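Below you'll find the structure, written out as C-alpha coordinates, and then a few comments.
The values are calculated or read from the model by the stated rules, or taken from the named source; none is laboratory data. In this text the structure is predicted, and so the values were computed from the model without any measurement. These area figures cover heavy atoms from the full protein model, side chains too; ligands, DNA and RNA do not enter into them. Shrake-Rupley method; radii C 1.70, N 1.55, O 1.52, S 1.80 Å.
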Amino acid sequence: MSIVRQKSAQEQFRCRVTAGVLVYEQILPAAGGANNYQLTDRRVVQKAWADFYSRPAEKAVL
(Lines give C-alpha, C1' and ligand atoms only; values in the text may rest on other atoms or scores of the structure.)
Protein backbone atom coordinates (compact mmCIF):
# COMPACT_ATOMS: atom_id res chain seq x y z
CA MET A 1 0.00 0.00 0.00
CA SER A 2 1.38 3.38 -0.97
CA ILE A 3 1.60 6.06 1.70
CA VAL A 4 1.40 8.77 -0.96
CA ARG A 5 -2.16 9.83 -1.62
CA GLN A 6 -3.12 10.56 -5.17
CA LYS A 7 -4.79 13.94 -5.59
CA SER A 8 -7.00 14.90 -8.47
CA ALA A 9 -5.60 17.44 -10.88
CA GLN A 10 -5.93 21.00 -9.66
CA GLU A 11 -6.46 24.11 -11.74
CA GLN A 12 -3.30 26.12 -12.28
CA PHE A 13 -3.06 29.85 -12.78
CA ARG A 14 -0.45 32.48 -13.42
CA CYS A 15 -0.45 36.21 -12.92
CA ARG A 16 1.35 38.62 -15.23
CA VAL A 17 1.73 42.39 -15.21
CA THR A 18 0.77 43.89 -18.56
CA ALA A 19 0.97 47.67 -18.94
CA GLY A 20 0.82 48.04 -15.15
CA VAL A 21 -2.31 45.86 -14.81
CA LEU A 22 -2.46 42.39 -13.24
CA VAL A 23 -3.64 39.81 -15.78
CA TYR A 24 -4.74 36.37 -14.54
CA GLU A 25 -4.49 33.38 -16.84
CA GLN A 26 -5.59 29.78 -16.40
CA ILE A 27 -3.25 27.08 -17.66
CA LEU A 28 -5.07 24.59 -19.88
CA PRO A 29 -3.17 21.27 -19.88
CA ALA A 30 -5.43 19.73 -22.55
CA ALA A 31 -4.50 22.43 -25.07
CA GLY A 32 -0.86 21.32 -25.22
CA GLY A 33 1.95 23.42 -26.60
CA ALA A 34 3.66 26.44 -25.10
CA ASN A 35 0.76 28.91 -25.35
CA ASN A 36 -1.99 27.08 -23.49
CA TYR A 37 -3.30 30.00 -21.41
CA GLN A 38 -6.79 31.46 -21.17
CA LEU A 39 -7.60 34.82 -19.60
CA THR A 40 -9.63 34.50 -16.43
CA ASP A 41 -11.11 36.72 -13.75
CA ARG A 42 -9.45 37.36 -10.38
CA ARG A 43 -12.53 35.94 -8.63
CA VAL A 44 -12.01 32.57 -10.35
CA VAL A 45 -8.44 32.47 -9.03
CA GLN A 46 -9.56 33.43 -5.52
CA LYS A 47 -12.26 30.72 -5.53
CA ALA A 48 -9.79 28.05 -6.66
CA TRP A 49 -7.34 29.19 -3.96
CA ALA A 50 -10.03 29.03 -1.26
CA ASP A 51 -11.25 25.61 -2.42
CA PHE A 52 -7.72 24.20 -2.44
CA TYR A 53 -6.83 25.39 1.06
CA SER A 54 -10.13 24.85 2.84
CA ARG A 55 -10.77 21.68 4.85
CA PRO A 56 -14.01 20.25 6.15
CA ALA A 57 -14.31 20.77 9.91
CA GLU A 58 -14.45 17.04 10.68
CA LYS A 59 -11.12 16.42 8.92
CA ALA A 60 -9.24 19.33 10.50
CA VAL A 61 -6.04 18.48 12.30
CA LEU A 62 -6.00 19.70 15.91
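Some points to look at:
- Within region 10-22, considering residues that are open to solvent by less than 100 Å² (accessible area, probe 1.4 Å) and under 21 Å from ASP51 (Cα atoms), the one modelled with the lowest pLDDT: GLN10
- Selected residue [modelled with pLDDT of 90 or more and either of a type outside the set (A, V, I, L, M, F, W, C) or part of a loop (DSSP other than H, G, I, E, B) (or both)] from GLU25, GLU58: GLU25
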